[in-house]
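The values are calculated or read from the model by the stated rules, or taken from the named source; none is laboratory data. Everything quoted here is computed from the prediction, not taken from an experiment. Note that we place each Cβ from the backbone using ideal geometry, even for glycine, and neighbour counts take in every protein chain shown.
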Amino acid sequence: MYDKKIAIGCDHGGFKLKNRIIEHLAENGIETVDYGCYSEESCDYPVIAKKIVKEITNGVHDYAILVCGTGLGMAIVANKTRGIRAVTCFDSTTARMAKSHNDSNVLCLGERITGEYLALDIVDTWIKTEFSGGRHKRRVDMFED
Ligand code: RB5
């Protein structure tokens, strides 16, 4: 388990799922820091994504979960920052591989795409899977060349 709390954020399109994830993780003893948004009022996902990846870059968090309508916009924005490896996952296999092979540090989910039960399974799988290292580390190191 990670020592640092997991950062979590959403826009209006991911608000309900974000809250459900926070609740689910708390039930399993995993603490999160909620960077908003805090209601279903329309807001801009790039603002939330940028705020959170900045905290990863600053070392406050190692991992983040971002939820929007599709999980796509959040990932595009997050990946603009050096050192961020954001993935949008739609099933547990991609969640596992995204950590095992790609050492992803940001998980993005789409509330309008992925049902709650599957989304929570994706979260659990992504959190518990460790990076395999080895040849995958060599490849991940090439991301920032
Ligand atoms: C908001 O309507 C929607 O565009 C956003 O939640 C997300 O899906 C963007 O990628």
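Assorted remarks:
- Of all the listed residues (Ile52, Ile84, Ile56), the sole one being more than 10 Å from the ligand (Cβ to nearest atom), β-branched (Val, Ile, Thr), farther than 17 Å from Asp11 by Cβ and in contact with a helix residue (DSSP H, G or I) (Cβ under 8 Å, 6 or more places away or on another chain) is Ile84.
- You will find that of Ile30, Ile48, Ile65, Ile52, the residue that is in a loop (DSSP other than H, G, I, E, B), touching a Phe, Trp or Tyr at 6+ places or on another chain (Cβ under 9 Å) and among the aliphatic types (A, V, I, L, M) is Ile30 and no other.
- Residue list for the range 90-133, restricted to those being within 21 Å of Val33 (Cβ to Cβ) and part of a loop (DSSP other than H, G, I, E, B): Ser104, Asn105, Glu111
- Filter result (within 12 Å of the ligand (Cβ to nearest atom) and either in contact with a Leu (Cβ under 9 Å, 6 or more places away or on another chain) or among the β-branched types (Val, Ile, Thr) (or both)) within the range 31-46: Tyr45
- If you check Ile76, Ile127 for being at negative phi, at pLDDT 95 or above, buried (at least 16 other Cβ atoms within 10 Å of the Cβ) and within 15 Å of the chain's Cα centre (by Cα), only one passes: Ile127.
- Test: Thr114 is within 16 Å of the ligand (Cβ to nearest atom) and among the polar types (S, T, N, Q): yes
- Among residues that are within 16 Å of the ligand (Cβ to nearest atom), under 23 Å from Lys16 (Cα atoms) and touching a strand residue (DSSP E or B) at 6+ places or on another chain (Cβ under 8 Å), Cys89 is included.
- Criterion applied to Asn105, Asn79 was being of a type outside the set (A, V, I, L, M) and touching a helix residue (DSSP H, G or I) at 6+ places or on another chain (Cβ under 8 Å), and the one residue passing it is Asn105.
- Residue check for Cys43: over 11 Å from the mean Cα position of the chain (by Cα), surrounded by 14 or more Cβ atoms within 10 Å (Cβ to Cβ) and not in a helix (DSSP H, G or I): yes
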